Amino acid sequence: MALNIINPGLSTSIQDLGRPGYFHLGIPIGGAMDRFSMRVANMLVGNSEDAAGLEAVFMGPEIEFTSDTAIAVTGADIPVMIDGVEAPSWTALAVSKGQKLSFGFLKTGARIYIAVAGGITTPEALGSRSTYPIGALGGIEGRNIAAGDALPTGSAGAVTIGASVPSTMHRMPATPAILRMVKGLYWHRLTEASGQQFLADEWKVAPEADRMGYRFRGGKTLEFVDREQPFGAGSDPSNIVDGCYSYGSIQVPGGTEPIVLHRDAVSGGGYFTLGAIISADMDYIGQLQPHTPVKFEAVSMDEALSARQERHKLLDAIRSELS
Amino acid sequence: MSDIQSPLPGTFYFTPSPGEPAFKSAGESVSEGDVIGLIEVMKTFIEVKATAAGTFDSYVIDNEQPVQAGQVIAKLK
């Protein structure tokens with residue numbers, strides 16, 4: 001069984017839950033930008049949640065199936081078509097040999113997840129099939145999918161065709177999207193007024209936002225507390241002596257446009273970071289279209305951990321719903 | 001009359017590069033597959049192509065404006 005790629009769409013990539021453990025060597029964690037949706041797509045087709053599927057962004061690919069199988073599409077709201085007939089998303093769908101999957105125009109959200117029974121079984125690189133094109137790791141020979149590719153799939157487990165996850169159990173950002181953050185080591189570099197302004201301003205997703213980082217613009221330029229530049233730091237007030245970045249760090253080069261580092265981000269550098277987006281809200285960022293309004297909200301570590309627990313509980317509830 | 005829709009969200013451009021004339025002007029004939037504009041997203045420019053033949057009428061979105069997927073960007077006569 002294979003997935004024949006007729007039209008790859010835009011930057012459609014093979015992703016699983018990522019390759020944690022190498023960030024200290026500069027290899028990003030990778031994996032689905034909206035891991036919640038990737039997990040649920042896999043659950044629907046009877047895969048382990050860390051099986052590899054496809055992540056498509058802003059527009060769908062066109063795919064032909066070489067044998068009868070089951071698929072599920074989750075994530076962004078976009079019409080799903082099987083041989084031109086609309087089919088439900090967040091649902092286990094039976095597809096026959098020779099049938100084609102395609103998509104209409106994206107409505108809300110940004111990233112679509114396509115799971116196939118048995119998962120995509122391209123070779124693993126450093127323990128994951130996730131595609132990291134800049135490092136030529138994972139995916140198909142280290143790249144995104146292309147027209148003419150035949151993606152191999154594994155043996156399917158038990159699938160309940162028609163099983164679906166109700167919309168009350170989907171998890172998509174509000175408008176404006178509220179991104180919760182925990183203030184970090186360098187927050188003190190901002191004046192008190194500037195810190196308050198950053199949290200009060202409405203920002204908009206910049207069109208260049210991608211898997212490495214989500215850039216935002218439209219808020220006021222940050223104001224820094226005066227200091228003597230430390231030895232080894234660059235000359236800009238937003239520079240630091242090089243340090244580590246975490247997944248979700250918010251860096252603001254030049255104090256103008258915040259960038260949230262996402263799954264394919266660099267692991268360190270010389271810009272200060274305001275703090276980090278909480279893990280429970282990172283999936284939301286993967287679903288933000290360009291020009292979407294966003295606000296940052298500071299929360300405590302306890303609130304961040306309870307948000308993570310809530311997300312785990314929702315995944316548990318979906319597992320029960322589908323079992 | 002037929003509409004050309006943006007295939008994806010981003011920033012719309014109706015010229016190939018700054019200062020150049022628009023891809024199409026009113027009254028010009030359009031063949032299926034002709035480039036009508038560009039959408040910038042994720043540091044990439046994606047060509048928007050005509051899905052039907054006809055005569056170009058007008059752009060309905062200004063240059064360098066945000067667009068949504070499925071939004072009409074130009075009209076054919």
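Bear in mind that the values in this text are calculations on the coordinates, not laboratory data. Owing to the predicted nature of the structure, the values given are computational and were not obtained by experimental measurement. Glycine also receives a Cβ, built like all others from the backbone with ideal geometry; neighbour counts cover every protein chain displayed.
Of note:
- Label-point separation, B:Val60 to A:Ile178 (7 Å along Cα→Cβ), nm: 3.6
- Extension reserve of the A:Gln229-A:Ser155 stretch, reckoned as 0.36 nm per residue once the Cα distance is removed: 20.8 nm
- Legend: calculated FRET efficiency, A:Thr66 to A:Glu141, from the Cβ-Cβ distance at R0 = 25 Å, rounded to 0.05, equals 0.80.
- Mean-position separation - Cα centroids, segment A:263-287 and segment A:146-192, in angstrom: 14
- Charge dipole magnitude, Cβ of K and R +1, D and E -1 - segment A:91-172, Cα centre, debye nearest 20: 280
- Cβ-derived FRET efficiency at R0 35 Å, A:Val266 paired with B:Gln5, nearest 0.05: 0.45
- Distant alpha-carbon pairs in segment A:197-252 (separation over 15 angstrom), percent: 62
- Residue mean of other protein chain beta carbons inside 10 Å, B:68-76: 3
- Under the Debye formula (equal points on every Cα, no solvent term), log10 I(q)/I(0) of segment A:28-186 at q = 0.09, 0.15, 0.16, 0.20 Å⁻¹: -0.30, -0.81, -0.92, -1.39
- Listed residues A:Ser279, A:Ile240, A:Phe296: farthest to the positive end of the dipole of segment A:236-323 (Cβ charges): A:Ser279
- Extension gain for A:Lys97 to A:Glu192 (0.36 nm times residue separation, less C-alpha to C-alpha distance): 28.0 nm.
- Computed over segment A:177-312, relative contact order equals 37 percent, with contacts defined as Cα pairs under 8 Å that lie 6+ residues apart.
- Once you reduce segment A:196-226 and segment A:1-39 to the center of their Cα atoms, the two points are 26 Å from each other.
- Computed over segment A:153-240, the alpha-carbon pair-distance distribution with 10 angstrom bins reads 11, 28, 27, 14, 10, 9, 1, each value a whole percent.
- Using the alpha carbons alone, the radius of gyration of segment B:2-76 stands to its Kirkwood radius in an Rg to Rh ratio of 0.93.
- Building the convex hull from the alpha-carbon atoms of segment A:1-70 and averaging its projection over directions returns 5.6 nm².
- Placing dummy labels 7 Å off each Cα toward the beta-carbon, the span from A:Asp83 to B:Val72 is 3.3 nm.
- Base-10 log of normalised Debye intensity for segment A:196-323 (one unit scatterer per alpha-carbon) at q = 0.17, 0.19, 0.23 Å⁻¹: -0.96, -1.14, -1.42
- Remark: spin-label model distance A:Leu25-A:Ala317 equals 4.0 nm, labels positioned 7 Å along the Cα→Cβ axis.
- Taking the Kirkwood radius as Rh and the Cα radius of gyration as Rg, segment A:257-323 has a ratio of Rg/Rh equal to 1.03.
- From its DSSP helices (H runs of at least four residues, each -39,500 (n - 2.57)), chain A gives a residue-normalised ellipticity at 222 nm of -4500 deg cm²/dmol.
- Base-10 log of normalised Debye intensity for the protein assembly as shown (one unit scatterer per alpha-carbon) at q = 0.07, 0.09, 0.10 Å⁻¹: -0.35, -0.58, -0.71
- Proximal aspartates and glutamates relative to B:Lys43, as straight alpha-carbon distance under 19 Å, when same-chain residues fewer than 8 apart are discounted: A:Glu55, A:Glu208, A:Asp210, A:Glu257, A:Asp264, B:Glu64
- If both residues of a DSSP beta bridge must be in the protein assembly as shown, then about 95% of such bridges are antiparallel.
- Across segment A:165-219, C-alpha contacts under 8 Å between residues 6 or more apart give a mean separation that, scaled by the residue count, equals a relative contact order of 22 percent.
- Relative contact order (%) - chain A, alpha-carbon pairs under 8 angstrom, separation at least six: 20
- Residue by residue, segment B:21-33 carries 3J(HN,Hα) couplings of x, 4, 4, 9, 10, 4, x, 6, 7, 10, 9, 4, x Hz when phi is fed to the Karplus relation 6.51 cos²θ - 1.76 cosθ + 1.60 (θ = phi - 60°); x denotes Gly or Pro.
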